[in-house]
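For reference, the structure discussed in these notes is given below.
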Amino acid sequence: MRIAALIVAAGRGTRAGDGVPKQYRPVGGIPILARTLRALAGHQDVAAVATVIHPDDKSLYNECVAGLEGLLPPVSGGATRQASVLAGLEALSSTNPTHVLIHDGARPFVDAALVSRVIDALRTHDAALPCLPVSDTLREHADGLAGDTIDRSTLVRAQTPQGFLYDAILAAHRDNQASNFTDDVALAVAAGIETYLVDGSEENIKVTAPDDFERSERFLSAQQETRTGSGFDVHRFTDGDHVTLCGVEIPHTQALLGHSDADVGLHAITDAVLGALSEGDIGDHFPPSDPQWKGTASRTFLEHAANLLAARGGRLTNVDVTLIAEAPKIGPHRETLRKSVATILNVDLGRVSIKATTTEGLGFTGRGEGIAAQAVATVSLPSSASNP
């Protein structure tokens with residue numbers, strides 16, 4: 001089996017309210033579509049992932065998938081969902097798939113076990129549909145009055161990803177372009193493709209209405225744990241005309257000595273983030289004995305730590321940095337330093353705190369021999385990712 005995944009994300013999501021299309025809005029600080037793509041692209045049995053997007057959303061998509069690897073170029077969707085799926089299926093032909101999983105871009109919490117159930121069903125069936133039983137009583141209504149009860153014993157709630165033999169579903173879409181099916185299984189059944197039912201997941205919600213964003217945030221909060229890491233770094237002064245702190249060059253009568261650019265602020269933050277992840281320290285990832293890191297801008301180290309956090313499905317809640325020095329004065333540069341750190345970490349400015357203090361003339365910093373920095377980073381991390 002060579003399995004491709006097609007993510008359908010070309011809709012406007014008008015029921016979710018005005019503004020940016022819902023698939024690009026964040027839940028838990030990460031765009032919905034980014035979560036969806038990460039789930040499918042990260043599955044061990046999925047060989048290729050393509051996304052169908054609205055032609056107007058290319059910049060939103062590029063921003064959304066920054067840092068994600070292994071994705072095929074996005075495909076421009078059509079006027080209907082069915083037309084968008086056909087466009088995506090045609091684009092997937094270059095990857096020679098035997099099977100395809102078609103998934104809603106607005107279902108960000110699909111888990112690997114559900115995807116595996118669909119794939120396992122495709123080993124012996126032409127199509128598979130994840131679904132859930134209907135537990136509530138169903139009743140007809142008219143003019144605000146309750147009507148007859150509907151037998152729910154033969155009903156299920158359909159979810160995605162829906163799995164198919166690639167050639168079969170592609171042929172069905174090509175043969176039914178004049179129709180307007182809103183569900184690929186409906187089209188498959190109409191085309192005579194037998195579809196096997198597998199267990200869905202209550203957590204595999206589709207974000208549709210404004211309340212679904214609140215529901216998603218509650219779900220994520222229940223799945224997260226808070227971790228804290230600390231970092232500390234020191235560099236001595238040497239000859240020079242500026243110091244680099246938190247990614248910003250500040251004029252000074254001396255420079256800081258180090259194997260890289262000696263940015264004590266970013267070094268301390270990097271160690272704090274790595275500490276929260278139990279991933280060692282900078283030296284473990286960028287050994288000072290390795291000449292390739294000589295003179296490297298320290299934002300490289302912090303970006304690496306941030307990428308490790310993102311790969312674990314985590315996000316930075318807050319970072320608090322204290323710079324310890326008699327000189328240069330930090331106050332005039334504080335906001336510039338905050339903006340620099342926020343940009344490197346790709347977080348809101350309000351999540352970054354930078355302070356400065358002196359040691360009242362005591363110790364090596366008090367004697368003007370160098371600068372120290374300490375940092376505390378708080379991260380939110382999925383409980384399942386806490387012990388990789």
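The values are calculated or read from the model by the stated rules, or taken from the named source; none is laboratory data. What you see is a predicted model, and the numbers here were worked out from it, not measured in a lab. When we count neighbours, we look across all protein chains shown, and the Cβ atoms used for this are built from the backbone with ideal geometry, even at glycine.
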field: Candidates Ala311, Ala327 - the one that is free of Cβ contacts under 8 Å to residues at least 12 places away in the same chain and at negative phi
entry: Ala311
message: Please go through segment 318-342 and give me each residue that is closer than 19 Å to Ser380 by Cα and assigned to a helix (DSSP H, G or I), ordered by number.
response: Val341, Ala342
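Looking at segment 71-94, which of its residues are under 24 Å from Tyr196 (Cβ atoms) and either β-branched (Val, Ile, Thr) or at pLDDT below 95 (or both)? First the steps, then the outcome.
Narrowing segment 71-94 to residues under 24 Å from Tyr196 (Cβ atoms): 81-82, 85-86, 88-89, 92.
Listed by number, the residues that qualify are Arg81, Gln82, Val85.
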- prompt: Is one or more of the residues making up segment 7-24 on the phi > 0 side of the Ramachandran plot and in contact with a Leu (Cβ under 8 Å, 6 or more places away or on another chain)?
  reply: no
- request: Tally the residues that are under 12 Å from Gly370 (Cα atoms), buried (at least 21 other Cβ atoms within 10 Å of the Cβ) and touching a Gly at 6+ places or on another chain (Cβ under 6 Å), restricting the search to segment 251-270.
  value: 0
- request: State yes or no: is Arg367 surrounded by fewer than 19 Cβ atoms within 10 Å (Cβ to Cβ) and either in the same structural domain as Ala272 (by TED's automatic domain parsing) or under 35 Å from the mean Cα position of the chain (by Cα) (or both)?
  value: yes
- request: Find the residue count for segment 47-70, including only residues that are surrounded by 21 or more Cβ atoms within 10 Å (Cβ to Cβ) and outside any helix (DSSP H, G or I).
  value: 5
field: Pick from segment 2-21, criterion assigned to a loop (DSSP other than H, G, I, E, B) and among the hydrophobic types (A, V, I, L, M, F, W, C), ranking: modelled with the highest pLDDT
entry: Ala10
query: Of the residues that sit in segment 149-175 and are among the polar types (S, T, N, Q) and out of contact with any helix residue (DSSP H, G or I) (no Cβ under 6 Å at 6 or more places or on another chain), which one is farthest from Ala39 (Cα to Cα)?
result: Thr149
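Conditions (1) aliphatic (A, V, I, L, M); (2) in contact (Cβ under 8 Å) with a residue 24 or more places away in the chain, marked per residue:
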{"site": "Ile3", "(1), (2)": "yes, yes"}
{"site": "Pro26", "(1), (2)": "no, no"}
{"site": "Ile32", "(1), (2)": "yes, yes"}
{"site": "Thr36", "(1), (2)": "no, yes"}
{"site": "Gly42", "(1), (2)": "no, yes"}
{"site": "Val49", "(1), (2)": "yes, yes"}
query: Which condition breaks for Cys246 when tested against (1) touching an Asp or Glu at 6+ places or on another chain (Cβ under 9 Å); (2) surrounded by fewer than 24 Cβ atoms within 10 Å (Cβ to Cβ)?
result: (2)
- prompt: Are any residues in segment 314-337 farther than 30 Å from Gln223 by Cα and surrounded by 18 or more Cβ atoms within 10 Å (Cβ to Cβ), and if so, which ones?
  reply: Thr322, Leu323, Ile324, Ala325, Pro328, Ile330, His333, Leu337
message: Let me confirm something: among Leu129, Leu170, Leu138, which residue is within 26 Å of Ala106 (Cα to Cα), touching a strand residue (DSSP E or B) at 6+ places or on another chain (Cβ under 7 Å) and surrounded by 16 or more Cβ atoms within 10 Å (Cβ to Cβ)?
response: Leu129
query: Which residue pairs have Cβ atoms under 7 Å apart, sit 6 or more places apart or on different chains, and have a first residue in segment 282-296 that is over 12 Å from Gly258 (Cβ atoms) and a second that is among the charged types (D, E, K, R)?
result: none
- prompt: Would you pick out the residues in segment 81-100 that are out of contact with any Phe, Trp or Tyr (no Cβ under 8 Å at 6 or more places or on another chain), of a type outside the set (Val, Ile, Thr) and either surrounded by 24 or more Cβ atoms within 10 Å (Cβ to Cβ) or not in a helix (DSSP H, G or I) (or both)?
  reply: Gly88, Asn96
Candidates Asn204, Asn180, filtered to the one that is assigned to a loop (DSSP other than H, G, I, E, B), surrounded by 13 or more Cβ atoms within 10 Å (Cβ to Cβ) and at negative phi: Asn204
statement: The number of residues in segment 105-119 that are touching a His at 6+ places or on another chain (Cβ under 9 Å) and either in a strand (DSSP E or B) or hydrophobic (A, V, I, L, M, F, W, C) (or both) is 4
